Number of protein chains: 2
Amino acid sequence: MASSTGDRSQAVRHGLRAKVLTLDGMNPRVRRVEYAVRGPIVQRALELEQELRQGVKKPFTEVIRANIGDAQAMGQRPITFLRQVLALCVNPDLLSSPNFPDDAKKRAERILQACGGHSLGAYSVSSGIQLIREDVARYIERRDGGIPADPNNVFLSTGASDAIVTVLKLLVAGEGHTRTGVLIPIPQYPLYSATLAELGAVQVDYYLDEERAWALDVAELHRALGQARDHCRPRALCVINPGNPTGQVQTRECIEAVIRFAFEERLFLLADEDNVYAAGSQFHSFKKVLMEMGPPYAGQQELASFHSTSKGYMGECGFRGGYVEVVNMDAAVQQQMLKLMSVRLCPPVPGQALLDLVVSPPAPTDPSFAQFQAEKQAVLAELAAKAKLTEQVFNEAPGISCNPVQGAMYSFPRVQLPPRAVERAQELGLAPDMFFCLRLLEETGICVVPGSGFGQREGTYHFRMTILPPLEKLRLLLEKLSRFHAKFTLEYS
Amino acid sequence: MASSTGDRSQAVRHGLRAKVLTLDGMNPRVRRVEYAVRGPIVQRALELEQELRQGVKKPFTEVIRANIGDAQAMGQRPITFLRQVLALCVNPDLLSSPNFPDDAKKRAERILQACGGHSLGAYSVSSGIQLIREDVARYIERRDGGIPADPNNVFLSTGASDAIVTVLKLLVAGEGHTRTGVLIPIPQYPLYSATLAELGAVQVDYYLDEERAWALDVAELHRALGQARDHCRPRALCVINPGNPTGQVQTRECIEAVIRFAFEERLFLLADEDNVYAAGSQFHSFKKVLMEMGPPYAGQQELASFHSTSKGYMGECGFRGGYVEVVNMDAAVQQQMLKLMSVRLCPPVPGQALLDLVVSPPAPTDPSFAQFQAEKQAVLAELAAKAKLTEQVFNEAPGISCNPVQGAMYSFPRVQLPPRAVERAQELGLAPDMFFCLRLLEETGICVVPGSGFGQREGTYHFRMTILPPLEKLRLLLEKLSRFHAKFTLEYS
């Protein structure tokens, strides 16, 4: 009691002061950052999980997090070969164990030879381990039918996000009407909007065409660019292929048109090209299309192409592996990029090792080949089945429509929301699809992200849902979600 | 020939254009970034290594990279227990192997239970795995003699650098005379200067006192702050303890004085407190001293304390593990920090797992305890011996002086450079100590970083050298370096 009074009087004597760092006084650009994929709805999902653990009664027994493309969290098992080699790298004492296949041991030894002190615990050079950059370059060459790739143009990164932010940082300059503008698709993955807000660049929206399966239309690029030139200096164009959150895969014709547009309008191209499983569509890399277009494009159009180990059949999100290949980048700028990367020392070395295995998987003559292929194909086949199921169930539900999910782990269905639900949301100060998603979460435990977090045409409503839960669970989830939508529609009609 | 001519004429027709992204047009803040630890001297070291491999004759047979605190690259072996548990986490099939101690298995199972899908391959929440945040909080409590730590104030990060950049980002605001100023020590670790340049904040230098073993003097803080207030708005004070590059450990009295200064001058405190081996000095955390000072300091002074798994006895740089504990941070600002972290999804999960083991090592009753302790003590004892040897050899060399290396992996010796060497450097457009370090590298293969990369008093010259090479190699290196300095001095006298 005495001490508490003492504390209080002392606080009064010294004055209980405002914080040095307050919401009002902090970096205004950081305040403007929004990131829906891990926003309030995910916070609420975490709370609900905690309440379930504490025995609070809910109308569901588990929270299903379909908000983020996190395959292993959804029960996908890691690919055996990848984890065997990594375990050998982490603990080289295991190299003498008879329980690992020979090719896994050879691969681990090869990676360790390329590490400082032959250990994953040493820093690498900032651009990533040289051997792995070379392996990535050879992988790109195979992917692109032999078009050369230079390891010196490959930079390893902490997931793809890290490299995307680095390249955007290089591009930002100017003030007022000369501020850098960057064209991004709407809907987009909110890393782009968040980074542009933080860097103080101008976000220039171009809309994907939902009526034509989220196609990228060059006329729309022209419209967006023309309007943007009134108030900023557009310098870059971002393309996400396959689309995130929209899941479509771009045609070769579309990619050619985009490259021609970027060249004519003098825009640096950023292509976010996460690996695909390609259900009923073929994946074309921007690099390959660019090189095949020949002069003047091939030798001049500046391009950065981003990849991560989080997507694709391996789904190794936690390791934060990734890389960027730059094409036709000014040599001095490339030196500046390397300098910027070096301030953070290096990407996580276990993630680099994992990337190496992804870009150079077992060869047909290797002991691990058969199992590796079987595991990989099983994942890809299941993803294709899930994509199809998602499209099918949603399109059968009244008031929900869903474009084909071609090559990503996401679907971005459109939902009709009754006018009274929209009004109710506005009363609550919520975006209408946020209101829908919050109610969905509270009543069913299904966690998806409202379309407003990715951007959408005014008056349309969507949500992003991953297709990653195991097939039978996904079916239940899709049906539950469709039923909830019907009930919600009825409630507000 | 025809095609080459065709290319050329087409290039002419379309005009061979300037790049969209050029050195002149790129982000001017990024251009201003400097990062000596991986700068031109390290590039040259890489080239020399390549030349040696190609059989080019050099006056040395290997490049010794004493430029960066990378223990395992210098031959330090990883701690067995850490790598056993990590291998089990990476490849849980090993949990049934008889070749791992029971406590390692239990620890791996405990970590995997806390991971999404029980896999290191799932994303964690953006602040890091909750169980690990709790373990870190308990570790901080033990470190600080029972002073409470709240897991909700602990955020895991990608090395310490990541969290330092994040907190600095929050603090940056204003334009012109109201721009945020941040006080940093000189010499400093160049992450600070690089980040402030990139963020457009004002770097406010306070000088450490080389004559008093790099002591931090509050009178000097007052001088720096007073001058800075003319042209910016100082909002934060960074302290590195133990010093980097300077290696000193701060006394408790000094920390108290710094806290009082920050409180009175309304500065947010950033304490970069990498683990120490404490040779002849005791480590005090800023948090503990702050809490023991009582009101008004304890309940009000804002503090962020940064740590990494790269330093200390484990030296696990490649895993990029780290954390920050925030104290008295405004709750709304803390939410904003979490939002900012969430844009990058999560720190690498293997690094999080490693951090968990570092903050909760084997207990005395655990099967792994004896070996763990023996390995840890051997590393610490060798570090202490290396610190002593470094100080001793350098102080015996004419023209070199070196303060005691108390608790870091670095020494920052001062070298006398003859006036003619300084003139020669100026002719070459080089900082004099850069000239010295480049010559040292070319003639001996020893790679150290010039003091000008960290900052130093005008007219003084230093270099940063890690003390990490194995003891006998370090002895040779120190003697070789001292002899080179004598020869260099003679040459330019």
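The values are calculated or read from the model by the stated rules, or taken from the named source; none is laboratory data. Keep in mind that this is a model prediction, so the values were computed, not measured. When we count neighbours, we look across all protein chains shown, and the Cβ atoms used for this are built from the backbone with ideal geometry, even at glycine. SASA here: full protein model, heavy atoms, side chains in, ligands and nucleic acids out. Shrake-Rupley method; radii C 1.70, N 1.55, O 1.52, S 1.80 Å.
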*Which number in (1) under 24 Å from B:K58 (Cβ atoms); (2) in contact with a Ser or Thr (Cβ under 7 Å, 6 or more places away or on another chain); (3) part of a loop (DSSP other than H, G, I, E, B); (4) of a type in the set (A, V, I, L, M, F, W, C) marks the one condition that B:L430 misses?*
(2)
*Report yes if some residue within segment A:297-319 is of a type in the set (D, E, K, R) and open to solvent by less than 10 Å² (accessible area, probe 1.4 Å); otherwise report no.*
yes
*Can you tell me how many residues in segment B:357-374 are in a helix (DSSP H, G or I) and in contact with a Pro (Cβ under 6 Å, 6 or more places away or on another chain)?*
2
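With respect to A:Q406, is the statement that it is of a type in the set (S, T, N, Q) and over 20 Å from the mean Cα position of the chain (by Cα) true? I'd like the intermediate steps shown before the answer.
Values: of a type in the set (S, T, N, Q): yes; over 20 Å from the mean Cα position of the chain (by Cα): no.
In short, no.
Answer with yes or no whether A:E134 is in contact with a strand residue (DSSP E or B) (Cβ under 9 Å, 6 or more places away or on another chain) and either hydroxyl-bearing (S, T, Y) or more than 7 Å from chain B (Cβ to nearest Cβ) (or both).
Working: in contact with a strand residue (DSSP E or B) (Cβ under 9 Å, 6 or more places away or on another chain): yes; either hydroxyl-bearing (S, T, Y) or more than 7 Å from chain B (Cβ to nearest Cβ) (or both): yes.
Criteria met by A:E134.
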*For A:L52, work out the one condition from (1) over 25 Å from the mean Cα position of the chain (by Cα); (2) hydrophobic (A, V, I, L, M, F, W, C); (3) modelled with pLDDT under 90 it doesn't fulfil.*
(3)
*So which helices (runs of 4 or more DSSP H) are wholly in segment B:178-269 and hold at least 3 residues that are away from every other protein chain (no Cβ under 14 Å) and either at pLDDT 95 or above or farther than 26 Å from A:L340 by Cβ (or both)?*
B:218-228, B:252-264
_Filter result for the condition that a residue is more than 30 Å from B:Q76 (Cα to Cα) and in contact (Cβ under 8 Å) with a residue 40 or more places away in the chain, over B:L269, B:L354, B:L340, B:L290_ = B:L340
_Test: B:V249 is open to solvent by less than 40 Å² (accessible area, probe 1.4 Å), touching a Ser or Thr at 6+ places or on another chain (Cβ under 6 Å) and within 29 Å of B:A66 (Cβ to Cβ)_ = yes
*Looking at segment A:31-68, which of the residues that are in contact with a helix residue (DSSP H, G or I) (Cβ under 8 Å, 6 or more places away or on another chain), open to solvent by less than 20 Å² (accessible area, probe 1.4 Å) and assigned to a helix (DSSP H, G or I) is nearest to the other protein chains (Cβ to nearest Cβ)?*
A:V37
*Go through segment B:100-114 and give me each residue that's of a type outside the set (A, V, I, L, M) and part of a loop (DSSP other than H, G, I, E, B).*
B:F100, B:P101
*Select from segment A:326-346 the residues that are open to solvent by 10 Å² or more (accessible area, probe 1.4 Å) and among the polar types (S, T, N, Q) and list them in ascending order.*
A:N328, A:Q334, A:Q335, A:Q336
_Within segment A:115-160, considering residues that are among the charged types (D, E, K, R) and assigned to a helix (DSSP H, G or I), the one surrounded by the fewest Cβ atoms within 10 Å (Cβ to Cβ)_ = A:R142
*asked:* Which residue is modelled with the lowest pLDDT, if the candidates are limited to segment A:375-416 and must be farther than 23 Å from A:L476 by Cβ and either part of a helix (DSSP H, G or I) or open to solvent by less than 40 Å² (accessible area, probe 1.4 Å) (or both)?
replied: A:G407
*Report yes if B:S342 is assigned to a helix (DSSP H, G or I), more than 11 Å from B:T158 (Cα to Cα) and among the hydroxyl-bearing types (S, T, Y), otherwise no.*
yes
_List the residue pairs whose Cβ atoms are under 7 Å apart, where the first residue sits in segment A:307-330 and is within 22 Å of B:T158 (Cα to Cα) and facing chain B (nearest Cβ under 7 Å), the second is among the aromatic types (F, W, Y) and in a loop (DSSP other than H, G, I, E, B), and the two are 6 or more positions apart or on different chains._
A:C317/B:Y123; A:G318/B:Y123
*Do we find a residue being in a loop (DSSP other than H, G, I, E, B) and either more than 7 Å from chain A (Cβ to nearest Cβ) or open to solvent by 20 Å² or more (accessible area, probe 1.4 Å) (or both) anywhere in segment B:82-95?*
no
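Does segment A:424-436 hold any residues that are closer than 16 Å to A:S452 by Cα and open to solvent by 10 Å² or more (accessible area, probe 1.4 Å), and which are they? Let's see the steps before the verdict.
First, pick out the residues of segment A:424-436 that are closer than 16 Å to A:S452 by Cα: A:425-426, A:428-436.
Matches in segment A:424-436: A:Q426, A:L428, A:G429, A:L430, A:A431, A:P432, A:M434, A:F435.
Sort out which residues of segment A:444-481 are assigned to a loop (DSSP other than H, G, I, E, B), open to solvent by 10 Å² or more (accessible area, probe 1.4 Å) and out of contact with any Leu (no Cβ under 8 Å at 6 or more places or on another chain), and write them in order of number. Lay out the reasoning, then the answer.
Keep residues of segment A:444-481 that are assigned to a loop (DSSP other than H, G, I, E, B), which gives A:445, A:448, A:454-461, A:467-470.
The next check asks that each one be open to solvent by 10 Å² or more (accessible area, probe 1.4 Å); those that pass are A:455-461, A:470.
The answer is A:G455, A:Q456, A:R457, A:E458, A:G459, A:T460, A:P470.
Of the residues that make up segment A:452-463, is at least one among the hydrophobic types (A, V, I, L, M, F, W, C), under 26 Å from A:V56 (Cα atoms) and out of contact with any Ser or Thr (no Cβ under 7 Å at 6 or more places or on another chain)?
No, segment A:452-463 contains no residue that is among the hydrophobic types (A, V, I, L, M, F, W, C), under 26 Å from A:V56 (Cα atoms) and out of contact with any Ser or Thr (no Cβ under 7 Å at 6 or more places or on another chain).
For A:L354, indicate whether it is buried (at least 19 other Cβ atoms within 10 Å of the Cβ) and either part of a helix (DSSP H, G or I) or away from chain B (no Cβ under 14 Å) (or both).
yes
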*Go through segment B:319-333 and give me each residue that's part of a helix (DSSP H, G or I) and at pLDDT 95 or above.*
B:F319
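Looking for something within 16 Å of the chain's Cα centre (by Cα) and assigned to a helix (DSSP H, G or I) - is there at least one such residue anywhere in segment B:285-306?
Checked segment B:285-306: no residue is within 16 Å of the chain's Cα centre (by Cα) and assigned to a helix (DSSP H, G or I).
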